[in-house]
Amino acid sequence: MDWGMKNRLARIIQPGDGRAVMLAVDHGYFLGPTSGLEEPRKAIEPLLPYADSIMLTRGVLRTSVDPGSNVPVVLRVSGGTSILKELSNEDITVSIEDAVRLNVSAMALSIFVGSEFEKQTLVSLARLVDEGEKHGIPVLAVTAVGKDMARDARYLGLSCRIAAELGAHIVKTYYCEEFKSVVQSCPVPVIIAGGKKTPEMEALELAFNAAQRGAVGVDMGRNIFQSDCPVGMIRAVRAIVHEKTSVKEAYKIYESAKGGKARRAAQN
Ligand code: 5RP
């Protein structure tokens, strides 16, 4: 692996502890104005100080993130579908030249193992890895789960392993029972998505369990930006990932930030 690739990976997975807190705000690429992200800049700005990196599309990056901000960017480069159609019919939507121009630390693409357009997405991953290798840019493969797929260790293990075999440098998947076996059979670092919004305590438990069972961190979106206190949630998740804080202690961080937010609102 060359210096540029290693350097970019080190901006995402922190060299100090080998862990990563990635903030996922790319949902609009197929969901449109997702709840909590209607005004991307407003949602993103307060969270940036607590994110090791941010995953988003080039449209939101250009319009809603200050170029002076030093946050490493994981650029979503797959898409071409919407929630109204077959989601697996994705292609690569950003050229490598534009990814370089945007100075990204990694490129992210979804694979849809078992779905109608499985092959297309897997070949796209392999091509993206080829381009990434030429320019020293790592690739994050997202194991998207088709409607008819079970989110179990057998399926997610299959998807993660295929992603790694095709050259992905990091894999993002979902937490599941027997998660440890998914991590063990994937030779590159694994991070988890948060999934649909759940009560804050459950989302923190998910982050904690995943980290305990081998995930290097999280790429969490809705459970942060749809929370009633997004800053409290990202700080709590950060404590779990980087400080190995218990769920109870992390929840206190969220609650205390929420209390502060309520007090400030009452004073204004
Ligand atoms: C969509 C994505 C999202 O970034 C991912 O699902 C993470 O967000 P969330 O925590 O809301 O699930 O890759 O394909």
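The values are calculated or read from the model by the stated rules, or taken from the named source; none is laboratory data. Computed from a prediction, not measured in an experiment: that's the story for all the values here. Ideal geometry is used to build each Cβ from the backbone, glycine not excepted, and the neighbour counts take in all protein chains shown. SASA here: full protein model, heavy atoms, side chains in, ligands and nucleic acids out. Shrake-Rupley method; radii C 1.70, N 1.55, O 1.52, S 1.80 Å.
Quick notes
- Test for residue 56: is it out of contact with any strand residue (DSSP E or B) (no Cβ under 7 Å at 6 or more places or on another chain) and surrounded by 22 or more Cβ atoms within 10 Å (Cβ to Cβ): no
- The residues of region 240-258 that are buried (at least 24 other Cβ atoms within 10 Å of the Cβ) and either of a type in the set (Asp, Glu) or under 18 Å from the mean Cα position of the chain (by Cα) (or both), listed by number, are 240, 241.
- Some residue of region 108-116 being under 26 Å from residue 51 (Cβ atoms), touching a residue at least 12 places away in the same chain (Cβ under 8 Å) and either open to solvent by 10 Å² or more (accessible area, probe 1.4 Å) or more than 16 Å from the chain's Cα centre (by Cα) (or both): no
- Residue pairs whose Cβ atoms lie under 8 Å apart, separated by 6 or more positions or on different chains, with the first residue in region 6-18 and in contact (Cβ under 8 Å) with a residue 12 or more places away in the chain and under 15 Å from residue 190 (Cα atoms) and the second basic (Lys, Arg) and surrounded by 12 or more Cβ atoms within 10 Å (Cβ to Cβ), are 13/19.
- Meets criteria (within 15 Å of the ligand (Cβ to nearest atom) and under 21 Å from residue 143 (Cα atoms)) for residue 236: no
- Residue in region 244-261 that is assigned to a loop (DSSP other than H, G, I, E, B) and within 16 Å of the ligand (Cβ to nearest atom) present: no
- Taken over region 66-94, residues that are open to solvent by less than 10 Å² (accessible area, probe 1.4 Å) and over 17 Å from the mean Cα position of the chain (by Cα) amount to 2.
- The residues of region 45-80 that are among the hydrophobic types (A, V, I, L, M, F, W, C) and within 15 Å of the ligand (Cβ to nearest atom), listed by number, are 47, 51, 54, 55, 56, 60, 61, 73, 74, 75, 77.
- Leading residue by the ranking (nearest to the chain's Cα centre (by Cα)) among those in region 199-225 that are within 8 Å of the ligand (Cβ to nearest atom) and outside any helix (DSSP H, G or I): 219
- Complete set of residues in region 119-134 that are open to solvent by less than 50 Å² (accessible area, probe 1.4 Å) and under 15 Å from residue 98 (Cα atoms): 128, 132
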